[in-house]
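Following: one structure in structure tokens, then a few remarks.
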């Protein structure tokens, strides 16, 4: 369903204010400004932002911070950010640093439940 | 060995909780427990577990975890709280109490190899497991291997495996740009031991307008377990020392250290859901515990709640938000809490001692003031003396405790003993609100236990006998307390067979305690059971009837300046009445003289003082038409000298009896600070203590009950 490319933001899907944004490759400091721009853009376009992390191979402190930032920004604006289809690298990191509590479980996302409607 | 103050708090609270648990459990035996009772039991176990977790007491944690598991099933309705389970849970409470006591005795060492407990513990755990669902994971120590552990009282870096360090990390903005990743440092830290909990704090991340994705805003709270010292931990983060605020709280730090940490942290409130999870990371086992508390209760058990908070495992943020919802309900509890303070009993004793000295000093000053004949000074002295008296009363009042807690402890005794004896016995309690001196309460616990056991063993008949006598199948023991004059009276009543008067007399004659032809009143016969080596039980049971006991009870009570009496009606039951002074330290006394010697008579037993109207050669006086037996102290103590022309009689009342003490002169009331007599005078039967007067002279305190009793006996022998 999503194209796996190394370009952040590619394969974005939109439906009725919901934006699904596939992120892929390394979510690290080196690319952080680029990722930041993509996220800000997606947040501007939809009320619910779904971050597809299936193709993320690496996440560092800056990457985690960016995800947190997205989450908090959405919250502040009455929007919603969900993380879905976390890759193994993401899952392990989340577990290792107890980030589940901050990001919430992947189950919480509306898109997955109402899914491929 | 000194115990960490916060651990001492834990010990106190654990004991209180165990008491509550026991009380509730015993209550379950009597009536079908309601949800609130079951909840109370669960909460007690749960709170102990939680608090023990904070101190890394893995043995207590793992054991209470199993208990809690079973209780949780009871609460959920999966298990009934039948008698067998209640007994098991009572045994478990006992075991936890043993662990707690050990902890204190060993100066905060949780010894794994305490031979006394382990076998018992294994047996209890096996029993408990039967009540847990088969698929439920068996109780396991939640925090790593249960290795022997030491808890040092001071926060020294000498650590063992179980020691948990707390680290607060706030990374500087430049961290990322310098090519450093906080996560890598945490991973590195993880390699040195175990990160038992970790909370990421996103609070410093700013709003989108000022957010710079290349700056680092991250903060972490980390609980870390490992064999390290502070320097080693600091070294882990040395690379970014300029870019990282690192606060380390060493293991077993005082709560204050955590509080200081909390104050230093900058965070803002987070969402409640996140916070709950954050709480979860406090310690491995607290995850579950804290969540259950938050979910299930409107009011959190204050000890656990506050311990958690104070421990700083939960950031202030967490506390703020987590409590917000519960604040309203908690307010009532809080208010009550802050209205009482726990004070070391030794400090109170010290205060009472000082007040005693103060009273003596005041008496001295008063006398000097009188001699100086300065009216103004005497006025001041009067005010001062009044205040000192108030201070005395308040100081003594501080030591007063309600007897209810002691009485309630007997629910358990009655429960256990009745099972042992195969009798159905119930305990009724009244007068729980009656207050008396803490020391007296403590010293009364043993004698009272003996009296209760005795009543159950000898007093209450076997069920068959009761049925034959047309009594209800279940026996009743009643504990009652009330104030009477300056004393407190404690009654132990049973509705059993009563004391067989003739049997007692026969036995007394057989033992040579009384002469075969002596005619004794019922009262005197019953008093015989307090003689050493006297027991009427036909068979010696496990509980009593060994012939040691009642005399020991009496000795203990006498040592407290108390007295004991028995009334009994055959077939109807027995009442043992213990009369005790309210306090042991200070009494209101009345000074009388005999020649040069000053005696103190406790004011509370004095009815009046009259001029002697004795007819020569008689030891009765005419008191408004009634005969008043009196004792001439001069003769009694074989004091020489000539009596003055007019002697006085001090009329004392002991229970229902009146007696007169003939003395030379009356000096008036005084506050008497009781000083115990030295060993040398311990055989002196009729003097219960001494006191120092304002003049510096010593006055002797008369043991009036002993005196009157002796006089009465002497009179009988003369007759």
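Summary table
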| item | result |
| --- | --- |
| Subset tally (residues that are modelled with pLDDT under 80 and outside any loop (DSSP other than H, G, I, E, B)) for the range B:677-704 | 6 |
| Meets criteria (within 20 Å of residue A:99 (Cα to Cα), under 50 Å from the mean Cα position of the chain (by Cα) and at pLDDT 85 or above) for residue B:218 | yes |
| Some residue of the range B:19-27 being more than 14 Å from the chain's Cα centre (by Cα) and at positive phi | no |
| Residues satisfying the stated conditions in the range A:47-67, i.e. away from chain B (no Cβ under 14 Å) and either crowded, with 22+ Cβ neighbours inside 10 Å or closer than 15 Å to residue A:91 by Cβ (or both) | A:50, A:51, A:52, A:53, A:54, A:55, A:56, A:57 |
| Condition check for residue A:80: in contact (Cβ under 8 Å) with a residue 24 or more places away in the chain, touching a strand residue (DSSP E or B) at 6+ places or on another chain (Cβ under 7 Å) and within 12 Å of chain B (Cβ to nearest Cβ) | no |
| Any hit, the range B:77-86, residues being touching a residue at least 40 places away in the same chain (Cβ under 8 Å), buried (at least 23 other Cβ atoms within 10 Å of the Cβ) and part of a helix (DSSP H, G or I) | no |
| Any hit, the range B:493-501, residues being in a strand (DSSP E or B) and touching a strand residue (DSSP E or B) at 6+ places or on another chain (Cβ under 8 Å) | yes |
| Residue in the range B:57-67 that is at pLDDT below 85, assigned to a loop (DSSP other than H, G, I, E, B) and crowded, with 24+ Cβ neighbours inside 10 Å present | yes |
| Complete set of residues in the range B:164-181 that are within 9 Å of another protein chain (Cβ to nearest Cβ), in contact (Cβ under 8 Å) with a residue 60 or more places away in the chain and closer than 25 Å to residue A:75 by Cβ | B:171, B:175 |
| Single residue of the range B:191-207 satisfying the filter (surrounded by fewer than 17 Cβ atoms within 10 Å (Cβ to Cβ) and free of Cβ contacts under 8 Å to residues at least 24 places away in the same chain) that is nearest to the other protein chains (Cβ to nearest Cβ) | B:207 |
| Single residue of the range B:208-228 satisfying the filter (in a loop (DSSP other than H, G, I, E, B) and under 22 Å from residue B:58 (Cβ atoms)) that is nearest to the other protein chains (Cβ to nearest Cβ) | B:226 |
| Candidates B:674, B:631 - the one that is crowded, with 17+ Cβ neighbours inside 10 Å and at pLDDT below 80 | B:674 |
| Residues located in the range B:461-482, provided they are touching a helix residue (DSSP H, G or I) at 6+ places or on another chain (Cβ under 8 Å) and under 18 Å from residue B:575 (Cα atoms) | B:475, B:477, B:479, B:481 |
| Residue in the range A:95-102 that is crowded, with 18+ Cβ neighbours inside 10 Å, in a loop (DSSP other than H, G, I, E, B), modelled with pLDDT of 80 or more and within 11 Å of chain B (Cβ to nearest Cβ) present | yes |
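The values are calculated or read from the model by the stated rules, or taken from the named source; none is laboratory data. All figures in this text were calculated on a predicted structure; none of them were measured in a lab. No Cβ is skipped: glycine too gets one built from the backbone with ideal geometry, and neighbour counts run over all protein chains shown.
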